[in-house]
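What follows is a short report on a single structure.
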Amino acid sequence: MKTRKTTIAHAAVVFAFFSISAIVSAAIAADNLRLRDGISFVQDTDNGFPIVGDNMDDAAIAQGLPTLIFFGAAGDLNTNRQAKRLVDLYKKIQDKVKVIVVDVDHPANAAVVKLIKTYYKGYIPLNVILDKNGKVSTTHAGEIDSGELKSKLDRVL
């Protein structure tokens, strides 16, 4: 038989666990982004998804921080070229913007599938920028110059 004190203590432990989990998951993001060795910038060859890094399965939208979602696919020349631009830009924005990288052909988990269903419109590459409140600021299908993409990000910073 649980006492009221035991129930309150149990609730406090559960609340603390979920609060800490939320803080930790909010801090995780795709990190250490780099290009996969062997990708081509001149032809459609499938050497795997062009971007690799740490925490690539993190698909949580950051609250209070702009988010850039990159949708692409392995073996697509346009995705590879845009991936290079994104990785170069990532080095400049990694402390100010959360970056989520999505392989539309091989979603990492259910959260990534949800991002695909919510934001992906069938074209690759696709860049979606969310403001600090998680609302869509801009969407760009196809390749985009890194300077133009940075300018769009600057609007939500």
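The values are calculated or read from the model by the stated rules, or taken from the named source; none is laboratory data. Worth saying up front: this structure is predicted, and the values here are computed from it rather than measured. No Cβ is skipped: glycine too gets one built from the backbone with ideal geometry, and neighbour counts run over all protein chains shown.
Note down all Cβ pairs under 7 Å where the first residue falls in the range 55-75 and is free of Cβ contacts under 8 Å to residues at least 40 places away in the same chain, the second is crowded, with 20+ Cβ neighbours inside 10 Å and not in a strand (DSSP E or B), and they're at least six residues apart or on different chains.
55/29; 55/30; 74/49
Return yes when residue 6 is surrounded by fewer than 13 Cβ atoms within 10 Å (Cβ to Cβ) and either farther than 26 Å from residue 150 by Cα or at pLDDT below 50 (or both) and no when it is not.
Working: surrounded by fewer than 13 Cβ atoms within 10 Å (Cβ to Cβ): yes; either farther than 26 Å from residue 150 by Cα or at pLDDT below 50 (or both): yes.
So residue 6 passes the test.
For residues that are free of Cβ contacts under 8 Å to residues at least 24 places away in the same chain and hydroxyl-bearing (Ser, Thr, Tyr), scanning just the range 105-127, find the one that is farthest from residue 144 (Cα to Cα).
In the first step, residues of the range 105-127 are kept if they are free of Cβ contacts under 8 Å to residues at least 24 places away in the same chain; the result is 107, 110, 113, 117-118, 121-123.
Right, trim to hydroxyl-bearing (Ser, Thr, Tyr) and you get 118, 123.
Working: 118: 21, 123: 13 Å.
Applying the filter and picking the extreme gives 118.
Tally the residues that are touching an Asp or Glu at 6+ places or on another chain (Cβ under 9 Å), in a helix (DSSP H, G or I) and crowded, with 16+ Cβ neighbours inside 10 Å, restricting the search to the range 106-146.
Count: 2.
Each row is one residue, and each column tells you yes or no for (1) in contact with a helix residue (DSSP H, G or I) (Cβ under 8 Å, 6 or more places away or on another chain); (2) modelled with pLDDT under 95.
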site	(1), (2)
104	yes, no
114	no, no
121	no, yes
128	yes, no
141	no, no
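Can you name the condition, by its number, that residue 80 falls short on among (1) over 25 Å from residue 148 (Cβ atoms); (2) surrounded by 22 or more Cβ atoms within 10 Å (Cβ to Cβ)?
(1)
Is one or more of the residues making up the range 94-104 without any contact (Cβ under 8 Å) to a residue 40 or more places away in the chain, under 28 Å from residue 154 (Cβ atoms) and loosely packed, with under 15 Cβ neighbours inside 10 Å?
Kept after step one, since they are without any contact (Cβ under 8 Å) to a residue 40 or more places away in the chain, are these residues of the range 94-104: 95, 104.
So of that shortlist, the ones also under 28 Å from residue 154 (Cβ atoms) come out as 95, 104.
Still in the running and loosely packed, with under 15 Cβ neighbours inside 10 Å: 95.
Yes: one or more hits.
Scan the range 38-77 residue by residue and report those that are within 18 Å of residue 149 (Cβ to Cβ) and either modelled with pLDDT of 95 or more or in contact with a helix residue (DSSP H, G or I) (Cβ under 6 Å, 6 or more places away or on another chain) (or both).
The answer is 41, 50, 51, 66, 67, 68, 69, 70, 71, 72.
Out of all the residues in the range 109-157, which are among the basic types (Lys, Arg) and touching a Gly at 6+ places or on another chain (Cβ under 7 Å)?
As a first pass, look at the range 109-157 and keep what is among the basic types (Lys, Arg): 114, 117, 121, 132, 135, 150, 152, 155.
Correct list: 132 only.
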